[in-house]
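The values are calculated or read from the model by the stated rules, or taken from the named source; none is laboratory data. What you are looking at is a predicted structure, and each value in this text was computed from that prediction instead of being measured. Note: ideal-geometry Cβ built from the backbone for every residue, glycine included; neighbour counts use all protein chains shown.
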Amino acid sequence: MFRLLILVIVAGFCMTGNAADKKELGFKLDVTVKGFFSPEVTTATVKSVTPDSLAETLGVRAGHRLISIDDCKIPGCPASVAKDYISQDIGTKVTFEFISEAGTNYTIAIPLQ
């Protein structure tokens, strides 16, 4: 039951309502959260990167860990806040900070598409 709840919360974090509202970042995340009523993102790891996307061009790779979205630090970022950041209007730039598997931090800004 708890795993199903996490799956539902993660799906809510990754999706933004109906298909017409879905935003494209150029990468997909494997996200874990803790908490029930006010879940917080505990980890967010890049699962895949869209070939030839801006994210790929900027160096995002599978296995890199997301450590902040627009200064909302992970772990600890409320899932609702993280979802709000990636649910903004198309064209809005969102800043992501990652740490590579080699331990290098880097920051990118991607306009929502």
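Points worth noting:
- Of everything listed in (1) under 13 Å from Ile99 (Cα atoms); (2) not in a strand (DSSP E or B), the single unmet condition for Thr43 is (2).
Residue-by-condition table, conditions (1) out of contact with any Phe, Trp or Tyr (no Cβ under 8 Å at 6 or more places or on another chain); (2) modelled with pLDDT under 95:
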site	(1), (2)
Gly59	no, no
Ile69	no, no
Pro75	yes, no
Val81	yes, no
Glu97	no, no
Ala102	yes, no
Tyr106	no, no
Gln113	yes, yes
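- Within segment 23-42, residues that are touching a residue at least 12 places away in the same chain (Cβ under 8 Å) have Cβ atoms under 7 Å from residues that are part of a loop (DSSP other than H, G, I, E, B) and of a type in the set (Gly, Ala, Ser) in these pairs: Lys23/Ser87; Gly26/Ser53; Glu40/Gly76, counting only partners at least 6 apart in sequence or on another chain.
- Count of residues meeting criterion [in contact (Cβ under 8 Å) with a residue 24 or more places away in the chain and within 14 Å of Phe98 (Cα to Cα)] in segment 46-69: 14
- Residues being loosely packed, with under 13 Cβ neighbours inside 10 Å and either part of a helix (DSSP H, G or I) or out of contact with any Lys or Arg (no Cβ under 8 Å at 6 or more places or on another chain) (or both) - total across segment 102-113: 5
- Segment 49-94: number of residues that are part of a helix (DSSP H, G or I) and either among the basic types (Lys, Arg) or over 14 Å from the mean Cα position of the chain (by Cα) (or both): 4
- Candidate set: segment 31-50, residues that are of a type outside the set (A, V, I, L, M, F, W, C) and surrounded by 14 or more Cβ atoms within 10 Å (Cβ to Cβ); chosen: the one farthest from Ala82 (Cα to Cα): Thr50
- For segment 70-79, filtering for residues that are touching a residue at least 12 places away in the same chain (Cβ under 8 Å) and out of contact with any strand residue (DSSP E or B) (no Cβ under 6 Å at 6 or more places or on another chain) leaves 2.
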